[in-house]
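Peer 1: Encoded as structure tokens, here's the structure I'll be asking about.
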Amino acid sequence: MEGEHTIIGKIPRERLNQIASRKLSALGIPVRLGADRETLEGDLAFGRMVHPVTGQPIPRARFVVVGHDHLRFLDAPLSALGSVGFYEHDRLAALEQTVAGTLQKRTAALQDIAARFRALRLEAAVDPDRLAVRAVVKTPSHAFEILGSPEGTRVSRVAPVGGVPYEVSPEFPPLDLSTFQTPTDLEVFLVHSAPRMAPPPRATAAPAGASAGGTLQATPPPRNALTLASLAHVFGQDAVLAPNAMVELIQEFEHGGTRYRFVAAREMGTRFKGRLIGPSGDVWSDRFDLVDFPGTHHVVALALGATSAEQADAPEDAGGEAAASFPGHLTPHPGEVWVMNVVVEEAGTEEVRYVGTDIDGRPYGAARVLKRSDFEAVFTKERGGWRLLVQIDQVQDGHVLYRQLDTQRQPIGAPRKMSAAILVANFVPEAAAY
């Protein structure tokens, strides 16, 4: 086997792609070159694939080709399976059966892992997207998210009380739960190890070649990339996409010497799911409608707390004009609590689907979906409705710095930045909310 990998490592990528493409075409699976012009990617449609946890059908999943004989799925829950071999199959149905079998084996293994969690008196549940057993260990100073899978048990995320949550690097050693006699032993270990889990502090000076002054800059597309500009040049700006055709748009940015990728995948019509991906995973993700989307640069800059190149080039008094675009009696002031009312469209055991309302109480924008635990952590139910409370910390240059309040009206997380005009369009002062 080692000799085989050595030989494959010497075969040009183009030749491996030819071998894989020929086999996948024989199975009836179309593939294409990705944005990097090297990676083969495609979509695999399933006949009767069912999510083993939720029972919901899995109609299709995106994949990339690994080597010349394996697929790696990009969409949850199949993305948790690692690479799956396809070259030994003669029919698409056989490949689908292999994927379904791998999915079932992993789910069965999770039951044993959940039993180990519960033996340590941890409240364990299967995460349906990551196909891993999830538990949260809460201490007076931190909340630790622990994920258990056939690959091992590890701390995946840490939320310091009053601080900013962060993802734990996979380099942090996995946990062996059998070494802890009681939940207290585990808590002591986690708190003691928290400094080693934290990401390294960011350098105060930007590396050579990084965007100066914290400015967000879009990076140019690859030389052979197919851009929207080139499509418009050939087909014209009045060309129409098929109503339900799959579309995935990619744009890359640089901020503070780090590259980020923004991906928007069309779900239906003008509805997209957007993701901002950094070195450690998703920085931001949400669903949006084109009608309400303020623009990629704006969203990425807001998610990173950066200044976009357009903002950097704007006149200095632009912020003042934005602040003056609404009545003076609605100007936010430091120390105030503002309220956004939302309407819950669907409340399931795992997720809550809701839509915000404008200052007149009418539904506004696209509906959003949050995990139920996350929704209940920041939204409070009062007077028969759900509300999100924020406290204004600073008002400057047409923007506000604010913090969300939990159900006990205590600030949570780090301060966030928002256009004052957006705040006024979606929130009202608490004193005027009744």
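Peer 1: Compute the FRET efficiency between Ala242 and Lys381 as 1/(1 + (r/R0)^6), taking r as their Cβ-Cβ distance and R0 = 56 Å, and round to the nearest 0.05.
Peer 2: The pair Ala242/Lys381 has a calculated efficiency of 0.85.
Peer 1: Another question about this same structure. Going by amide H atoms built from the backbone, whose H comes under 5 Å of the H on His51, apart from near neighbours?
Peer 2: Correct list: Gln56, Ile58.
Peer 1: Now for a different question. Report Rg/Rh for region 2-109, rounded to two decimals, where Rg is the Cα radius of gyration and Rh the Kirkwood radius.
Peer 2: Radius of gyration over Kirkwood radius for region 2-109 works out to 0.98.
Peer 1: Limiting things to C-alpha atoms, what are the Rg and the maximum Cα-Cα separation (Dmax) for region 70-133, in angstroms?
Peer 2: 14.1, 47
Peer 1: Using the Cα gyration tensor of region 120-197, with a ≥ b ≥ c the square roots of its eigenvalues, what is the shape: rounded (a/c below 1.5), prolate (a/b larger than b/c) or oblate (neither)?
Peer 2: Rounded, since a/c falls under 1.5.
Peer 1: Quick one: which residues, 5+ away or cross-chain, put their amide H under 5 Å from the amide H of Val66? H built at 1.01 Å from N.
Peer 2: Amide H to amide H, under 5 Å and 5 or more residues apart or across chains, Val66 pairs with Leu71, Arg72.
Peer 1: So, one more: Rank-order 136-147, 167-178 by packing density, defined as the average count of other C-beta atoms within 10 Å over each peptide's residues, highest first.
Peer 2: 136-147, 167-178
Peer 1: Projected area of region 76-205, taken from the Cα convex hull and averaged over every viewing direction, in nm²?
Peer 2: 10.6
Any read-out appearing in this document is the output of simple, stated calculations on the displayed coordinates, not a laboratory observation. Keep in mind that this is a model prediction, so the values were computed, not measured. Every residue, glycine among them, receives a Cβ derived from its backbone with ideal geometry; neighbour counts consider all protein chains shown.
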